[in-house]
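Single-structure report; data block below.
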Amino acid sequence: MRPGITLKLFLAILAASAAAAAAMAVATRLSFQSGFFGYLNQVEAQRLDALTAALADEYRRKGDWNFVRGNYPRLRELAAPVQSIQRLTLLDASRRTVVGNPELPADAAVRPVVVDDRIVGWIGAAPFRRLSSAADLSFQKEQLRASWIIAALALAL
């Protein structure tokens, strides 16, 4: 027995709906990833501004970078109220590494540390390339699961 036109039409519409739902889920995931990384980098830039002020205050009190030179835990301690990341790099006024990653990426967020209207250094943070914390990864997985559920519901409808 050959399938009738009604069954063929139903299967064609079902296949088209499934392809549309899968494309929607993939597009949602890609959009979420780029948007979420953008959001994280924007939040990071705001935190970097606050850290710049803390570094300027400490530099003003100490007079140079010796209080943190080669002492990454001290830099993280200063950043703790602001951020607890391991992507920080502190540079002196000549942009030589004081502490942190000596190979700061070109697309890193970099802010000047200004004391008495003079740039005494630079603080930089490498951008997010991947999710690192358990909360970030969990959030991403939940968003992916939700997009697949929405796609399945759209297909069922």
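Worth a mention:
- For the set 104, 48, the ranking by accessible area, highest first and with no ligand, DNA or RNA atoms included, is 104, 48 under a 1.4 Å probe.
- Protection proxy ranking of 4-13, 61-70, by the mean of other Cβ atoms within 10 Å over each peptide's residues and highest first, is 61-70, 4-13.
- Residue among 43, 59, 3 farthest towards the positive dipole end of the chain, charges placed on Cβ: 3
- Where the chain is the region considered: accessible area per residue in Å², 1.4 Å probe: 63 Å²
- Model label sites at residue 29 and residue 103, defined 7 Å from Cα along the beta-carbon direction, differ in position by 3.1 nm.
- Debye, to nearest 20: dipole size of the chain, +1 on Lys, Arg Cβ, -1 on Asp, Glu Cβ: 540 debye
- Ranked from largest to smallest solvent-accessible area, with a 1.4 Å probe on the protein heavy atoms, 88, 153, 144 come out as 153, 144, 88.
- Over the chain: helical MRE at 222 nm, DSSP H runs n ≥ 4 each giving -39500 (n - 2.57), nearest 500: -20500 deg cm²/dmol
- Calculated Rg and Dmax of the range 1-73 using C-alpha coordinates, Å: 28.4, 91
- Residue order by solvent-accessible surface for 147, 94 is 94, 147, largest first, with ligands and nucleic acids left out and a 1.4 Å probe.
- Dipole size of the range 38-83 about its Cα centre, with +1 on Lys/Arg Cβ and -1 on Asp/Glu Cβ: approximately 160 debye, rounded to the nearest 20.
The values are calculated or read from the model by the stated rules, or taken from the named source; none is laboratory data. Since we're looking at a predicted model, the values are computed, not measured. With ideal geometry, Cβ positions are generated from the backbone for all residues, glycine too; neighbour counts draw on all protein chains shown. These accessible areas exclude ligands, DNA and RNA; they are computed on the full protein's heavy atoms, side chains included. Shrake-Rupley method; radii C 1.70, N 1.55, O 1.52, S 1.80 Å.
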